[in-house]
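Remarks on the structure that follows.
The values are calculated or read from the model by the stated rules, or taken from the named source; none is laboratory data. Predicted model, so just to flag it, every value in this text is computed and none were measured. For neighbour counting, all protein chains shown are included, and Cβ atoms are generated from backbone atoms with ideal geometry for every residue, glycine included.
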Amino acid sequence: MRHPYHLVEPSPWPFLISLNLLFFMLGFVSIFGGYSNSVSTYFFSLFMVISILLFWLYDIFSESFYLGSHPNAASKALISGFLLFVLTEVMLFFSLFWGYFHSASNPNFLVWPPIGIELINPWGVPLLNTLLLFYSGVAATLAHHYFISQNKKGSEFYLGIGIILGIFFVILQGYEYYHSSFDIADSIYGSSFFMLTGLHGFHVITGLIFLSIIWFRLLKGHIPNVIFDLGLLYYHFLDLVWILLFILIYYLAY
């Protein structure tokens with residue numbers, strides 16, 4: 001029976017990425033327990049997750065671009081699935097912000113943040129990171145504008161600028177962690193701070209991979225209409241989350 005949907009072929013990627021995500025989380029938790037080889041397990045699993053994700057996306061692009069397996073009905077299903085994924089991300093960050101404010105308003109804490117936490121100056125690296133991520137989003141938006149205007153060179157240039165600015169954001173976030181006077185085990189503030197900013201940083205890395213794939217497809221002469229729209233939506237969502245983080249976690253706490 002003919003239908004407009006795409007029934008995927010058997011693939012090893014869902015099983016492999018689930019297995020490596022398991023080892024990734026085990027390695028992450030083992031780091032805090034001080035177990036041997038936990039760091040190597042963590043980074044190897046992270047490398048495998050990213051590699052499997054790239055191979056999986058390559059298969060999806062091949063099905064769409066070369067095999068023509070994504071008609072309108074299949075494309076709409078992919079868009080709906082991605083929007084639902086973004087909605088789950090909204091709920092995830094909402095729950096973490098809720099936990100932070102629940103702790104901040106707890107009457108058992110007479111002082112917030114708790115005594116002994118030396119806060120990070122919001123007007124240093126956090127402000128610079130805010131500007132970097134903001135202008136990274138602006139550059140990606142300009143790239144999308146040039147893409148719609150069929151200016152391939154302009155789109156490639158500004159998207160590359162956006163990716164580079166995003167990479168600097170991640171590097172400075174790591175620099176801030178390295179020089180921080182507290183860690184994830186220092187009170188509920190430290191746990192909330194590193195969970196919120198660390199999870200956001202992990203999502204920024206995912207967004208940069210997303211944008212990099214779009215950039216490579218532009219170089220190959222592809223026309224990634226849908227993925228460009230979705231990638232830009234996801235990246236702007238991360239911009240919004242970071243602005244909330246800067247105001248609530250850095251500025252108001254300071």
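Structure data summary
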item	result
The one condition in (1) in a loop (DSSP other than H, G, I, E, B); (2) in contact (Cβ under 8 Å) with a residue 12 or more places away in the chain that residue 115 fails to fulfil	(2)
Given (1) under 22 Å from the mean Cα position of the chain (by Cα); (2) over 30 Å from residue 221 (Cα atoms), number of the condition residue 106 does not satisfy	(1)
Only listed residue being farther than 14 Å from residue 157 by Cα and exposed (fewer than 14 other Cβ atoms within 10 Å of the Cβ), chosen from 223, 209	223
Residue among 67, 16, 83, 22 that alone is exposed (fewer than 14 other Cβ atoms within 10 Å of the Cβ), over 26 Å from residue 246 (Cα atoms) and at pLDDT 85 or above	22
Verdict on residue 49 being on the phi < 0 side of the Ramachandran plot, outside the structural domain of residue 196 (by TED's automatic domain parsing) and of a type outside the set (Phe, Trp, Tyr)	yes
Pairs where the first residue, in region 143-172, is assigned by TED's automatic domain parsing to the domain that holds residue 211 and the second is assigned to a helix (DSSP H, G or I) and of a type in the set (Val, Ile, Thr), C-beta under 7 Å, 6+ apart	159/214; 166/204; 169/204; 170/204; 170/205; 172/125
Any hit, region 54-70, residues being over 30 Å from residue 253 (Cβ atoms), assigned to a loop (DSSP other than H, G, I, E, B) and touching a residue at least 12 places away in the same chain (Cβ under 8 Å)	yes
Every pair of residues 6+ apart whose Cβ atoms lie under 8 Å, when the first sits in region 15-32 and is assigned by TED's automatic domain parsing to the domain that holds residue 56 while the second is outside any helix (DSSP H, G or I) and exposed (fewer than 12 other Cβ atoms within 10 Å of the Cβ)	32/185
Looking only at region 103-130, and only at residues there that are surrounded by 14 or more Cβ atoms within 10 Å (Cβ to Cβ) and more than 30 Å from residue 236 (Cα to Cα), the one that is modelled with the lowest pLDDT	109
Test: residue in region 121-133 that is among the small types (Gly, Ala, Ser) and in a helix (DSSP H, G or I)	no
Residue list for region 215-242, restricted to those being more than 15 Å from the chain's Cα centre (by Cα) and modelled with pLDDT of 90 or more	215
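One line per residue, one yes/no per condition, for (1) under 22 Å from residue 251 (Cα atoms); (2) at pLDDT 90 or above:
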| residue | (1), (2) |
| --- | --- |
| 132 | yes, yes |
| 138 | no, yes |
| 152 | no, no |
| 160 | no, yes |
| 171 | yes, yes |
| 185 | yes, no |
| 190 | yes, no |
| 197 | yes, yes |
